[in-house]
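In what follows, a single structure is set out as C-alpha cells and then discussed.
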Amino acid sequence: MIQLSKHEPGVPITAPGLYAIDDADYHADALCETPSLSSTIARLLLDASPKHAWAAHPRLNPDTEEEKASTLDVGSAMHAMLLGHGRDIVALDFPKWSTNASKEARDSAREAGKIPLLKKDFEAAQRLVAIARVEVDRFPELAGLFDAGAIFEQTAIWREGVLWCRAKLDILRVFPEFIAIVDFKSTDRSAAPDVIGRQVFNMGYDVQLAFYRRGLRRVLGPRCPPIRCFLMSQERAGPGALSIVEPDEAVLTLADKKVSAALKLWQTCLERDEWPSYPPFIASVSLPPWVENRWLEREVNDDALAGAGWAFAMPLPDDDRSADPRLLAAG
C-alpha cells in the first residue's frame, strides 16, 4: 500500500514522501529549503549545459517564465481531464483566437491560473479523453488503470545525499506483481509505438522515467515492489489513437547512469555557484563519410551534375590534379 504524505503550503518539506502539490508550487519549486532537481532540469544538464539548466530553474533564475501556447493548453487540458487534477479549464465561445475579445478572455483565464480553450477544442479534448479511458483497457497488463485505487498527480520528494529531488508522477497504480508508473502525453504527431520508441531517446524520456523510478524507490524504501514504467501517448488528431510503450531494463539501467551523472553535475554547480555554457573553444566540423558518399553517388547517377564538382574549382596550371573526364568530354 502506498502511503501519501500531507504538505502544508508555505512550509518547506523536510522528509521524503508522496505529496499532493499544486501545479504552481511544483513548477516554482516552492517545496524544499534548497533548489530541487527535476527530470526536466536533469535533461537540460545532460543534453544542453548547466547554463541552460540555470536559466530554466525558477529558484535560480527569477525571470523564468512558463511557456504559453494554445497547443500546450490543449495538452494540459487533456492531462487535467484524464487525471482528474490540475488547473480549472475554461471553455470560451470563440471560433479562434483572432479577435481582441478572444485574446483578452484567454489572457484573463491564464492570469487566473486556468486553462483557456476554444469551445471546439474543449469538446475535442473531452472526446479524446473518453477514448483514452476506453483504449487503455485493451492493454491486459494495465487493464483497470483508471479504476478505484489509482493515484493521480502525486509529487515524489526525496533526497540524493544532500540534494533534494522532485518528480510529478501522472499515474501510480499498484498491481499484484508490480507498481506501474504511467506518464501520459498527447501529441499532434504520430503515437505509433516505433515513433514513440525513438522519442524515448531523442526526447530524453528514458532519463525521465529512470528519474521517476529512482524517486519512487527512495520514497517507498527497501521493500519497494518491482516498478515498471510506461509511456502512454495519444494523438490529438484523427481517431485519437493511443499507444503504450515500456522501456526495457537495459534502457532504464543506462538511463539511471545518466541520472547519476546529472546529479553529480547539479551538485558541483550548486556548490560552486558556477553554471557554464558550451565549452569555450572552436569545435571542428569534419566531413562524415556518409555525407561525401551520398554526394558522390549523386554525381555519378545524376547527368545534370556531370562535371559540376569541378565547375567552380578548375585546376590551376601548376595543379597536378586531372580534370573530371566528363567535364573534358563535355567541353
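Pick out, in residue order, every one of the trypsin sites (Lys or Arg not before Pro) in the range 230-265 that is DSSP loop and has at most 10 other C-beta atoms within 10 Å; say none if there are none.
none
In whole angstrom, how far apart do the alpha carbon centroids of the range 111-136 and the range 1-68 sit?
26
Cα-Cα over 29 Å: which of 51/168; 103/185; 6/51; 114/264; 6/185?
Over 29 Å Cα-Cα: 6/51; 114/264.
State, to one decimal in nm, how far the label point of residue 305 lies from the label point of residue 97, with both points 7 Å from Cα in the Cβ direction.
The two pseudo-label positions are separated by 4.3 nm.
Running a GNM on the chain with Cα contacts under 10 Å, which residue among 197, 215, 149 ends up with the highest mean-square fluctuation?
Among 197, 215, 149, the largest mean-square fluctuation in the Gaussian network model of the chain belongs to 149.
Taking other Cβ within 10 Å of each residue's Cβ, how do 169, 145, 254 sort, fewest first?
Going from sparsest to densest Cβ surroundings: 254, 169, 145.
Rank these for me by crowding, 278, 205, 26, 19, going from fewest to most other beta carbons within 10 Å.
So the ranking, lowest neighbour count to highest, is 278, 26, 19, 205.
GNM, the chain, Cα, under 10 Å: largest mean-square fluctuation among 29, 73, 63?
63
Name the shape class, rounded, prolate or oblate, that the alpha-carbon gyration tensor gives for the range 132-220, where a ≥ b ≥ c are the square roots of its eigenvalues, rounded holds for a/c under 1.5, and otherwise prolate holds if a/b is larger than b/c and oblate otherwise.
oblate
Where a Cα-Cα gap under 17 Å defines reach, which aspartates and glutamates qualify for residue 119, not counting those fewer than 8 residues away within the same chain?
73, 88, 93, 104, 107
Which of rounded, prolate or oblate describes the range 201-282 when judged by the alpha-carbon gyration tensor and an a/c cut-off of 1.5?
Oblate, because a/c is 1.5 or more while a/b does not exceed b/c.
Quickly estimate the mean residue ellipticity at 222 nm for the chain, helices only: each DSSP H run with n ≥ 4 gives -39500 (n - 2.57), and the total goes over all residues, rounded to 500.
It lands at -13000 deg cm²/dmol.
Please arrange 162, 129 by how many other C-beta atoms lie within 10 Å of their C-beta, fewest to most.
Ascending number of Cβ neighbours within 10 Å: 162, 129.
Classify the chain as rounded, prolate or oblate, taking a ≥ b ≥ c as the square roots of the eigenvalues of its Cα gyration tensor: rounded when a/c is under 1.5, otherwise prolate if a/b is larger than b/c and oblate if not.
Taking the square roots of the gyration eigenvalues as a ≥ b ≥ c, the chain is prolate.
Quickly rank 219-227, 180-188 as a protection proxy: mean count of other C-beta atoms within 10 Å, highest first.
Ranking, from highest mean packing down: 180-188, 219-227.
In debye, nearest 20, what is the charge dipole magnitude of the range 70-136 about its Cα centre with +1 on Lys and Arg Cβ and -1 on Asp and Glu Cβ, if you could check?
Roughly 80 debye, rounded to the nearest 20.
Between 276, 35, 176, where does the largest GNM mean-square fluctuation fall for the chain, given springs only between Cα atoms within less than 10 Å?
Evaluated over the chain, the most mobile residue of the options is 176.
Using a cut-off of 14 Å between beta-carbons, work out the net charge of the residues near residue 134 (Lys and Arg +1, Asp and Glu -1, residue 134 not included).
Here the count lands on 0.
Given the chain, what percent of its DSSP beta bridges are antiparallel, to the nearest 5?
Bridges in the chain that DSSP calls antiparallel: roughly 55 percent.
Every read-out reported here was derived from the displayed coordinates using simple, explicitly stated rules and does not represent laboratory data. Note that the coordinates shown come from a computational prediction; the quantities given were computed from them, not determined experimentally. No Cβ is skipped: glycine too gets one built from the backbone with ideal geometry, and neighbour counts run over all protein chains shown.
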